[in-house]
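S.K.: Okay, handing you the structure first.
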Amino acid sequence: MKAPPIIIGPFAILFLVSAAAIAQTRKADVATFQLGDQVITIPAPDGFEEAASQFESIKNRFTLTEDPGNDMLAVHLPHADCEKLRGGEFGPLTFYTKISVRKAVRDVDFSAERFANLVSEFRKSGSQVLDINSPTMKATLEHLSKGLSELSKKETQVDMSQPVNLGEFDTRPNVYSVMLLMNFKTQSSDGEVSTLILGGLSYVRVKQRLIYVYTYRKYGSKNDVDTLRDFTKQWIGQILAAN
């Protein structure tokens, strides 16, 4: 059985990026987005700031590599990384977040019952979505390769190991979060880079709207799992409280 697109959406883009950018005016720590007749408030996580509105290359990179069925709303980076960007220097991102929404339901009221059904459906078919040999994952990697090739102006190939589902870690009302561990490999004329990445992937229902909350952290030890889990739960709590 083919998984519905609304389930596929959150698993589209999981990768580590590097960038150099020219800073614009620093934005407020709280951003708002109009989703139909609802205004959704997204506070920056503690110690982070919204970066897509400040750095054109960050916005372009995340937009070009976003799933075609999604709208990317916000990207958050640690203050220290943004300071480096403002100074014209930067390296690979090792901790960052993204907020996206599925275009098909951007303006649609998403009931509590529909959210519960979404969680139930993911629990049944999530393993199919994550199968590295599935058409969905193959299309995802092809889309990533194309987007990164366009950004770097050189042929770039993205490969990924079979994602390891580390399990659910936040199942509050209106929240469903799972954590994955993946090994991403990029190959271009500059050489080959392999990186282990933790991805916190969350469905969150806010003001009758469904948003995707992504949190990413480079994996170095088991402590990173606890760090990302606690960070994600705290930030989602702040998003819910702000709305």
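The values are calculated or read from the model by the stated rules, or taken from the named source; none is laboratory data. Computed from a predicted structure; not experimentally measured. For neighbour counting, all protein chains shown are included, and Cβ atoms are generated from backbone atoms with ideal geometry for every residue, glycine included.
S.K.: Name the pairs whose Cβ atoms lie under 6 Å apart, with the first residue in region 59-84 and under 14 Å from Ile211 (Cβ atoms), the second β-branched (Val, Ile, Thr) and surrounded by fewer than 18 Cβ atoms within 10 Å (Cβ to Cβ), and 6 or more positions between them or separate chains?
M.R.: So the pair list comes out as Met72/Thr63.
S.K.: Taking region 105-123, which residues are among the hydrophobic types (A, V, I, L, M, F, W, C) and either surrounded by fewer than 14 Cβ atoms within 10 Å (Cβ to Cβ) or not in a helix (DSSP H, G or I) (or both)?
M.R.: Val108, Phe110, Ala112
S.K.: I've got another one for you. Just to check your reading of the model, which residue among Val164, Val158, Val204, Val193 is crowded, with 18+ Cβ neighbours inside 10 Å and modelled with pLDDT under 95?
M.R.: The match here is Val158.
S.K.: If a residue has to be part of a strand (DSSP E or B) and over 15 Å from Pro163 (Cβ atoms) to count, how many in region 179-193 make the cut?
M.R.: 6
S.K.: Would you confirm whether any residue within region 118-125 is in contact with a helix residue (DSSP H, G or I) (Cβ under 9 Å, 6 or more places away or on another chain), among the β-branched types (Val, Ile, Thr) and touching a residue at least 12 places away in the same chain (Cβ under 8 Å)?
M.R.: Within region 118-125 (the criterion being in contact with a helix residue (DSSP H, G or I) (Cβ under 9 Å, 6 or more places away or on another chain), among the β-branched types (Val, Ile, Thr) and touching a residue at least 12 places away in the same chain (Cβ under 8 Å)), the answer is no, since none of the residues qualifies.
S.K.: How many of the residues in region 207-236 are part of a strand (DSSP E or B), among the hydroxyl-bearing types (Ser, Thr, Tyr) and within 14 Å of Thr94 (Cα to Cα)?
M.R.: Number of matching residues: 3.
S.K.: Scan region 66-85 and tell me whether some residue there is acidic (Asp, Glu), surrounded by fewer than 21 Cβ atoms within 10 Å (Cβ to Cβ) and either in a strand (DSSP E or B) or within 16 Å of the chain's Cα centre (by Cα) (or both).
M.R.: There is at least one residue in region 66-85 that is acidic (Asp, Glu), surrounded by fewer than 21 Cβ atoms within 10 Å (Cβ to Cβ) and either in a strand (DSSP E or B) or within 16 Å of the chain's Cα centre (by Cα) (or both).
S.K.: Of these, Glu89, Glu49, which one is surrounded by 14 or more Cβ atoms within 10 Å (Cβ to Cβ), outside any helix (DSSP H, G or I) and not aliphatic (A, V, I, L, M)?
M.R.: It is Glu49.
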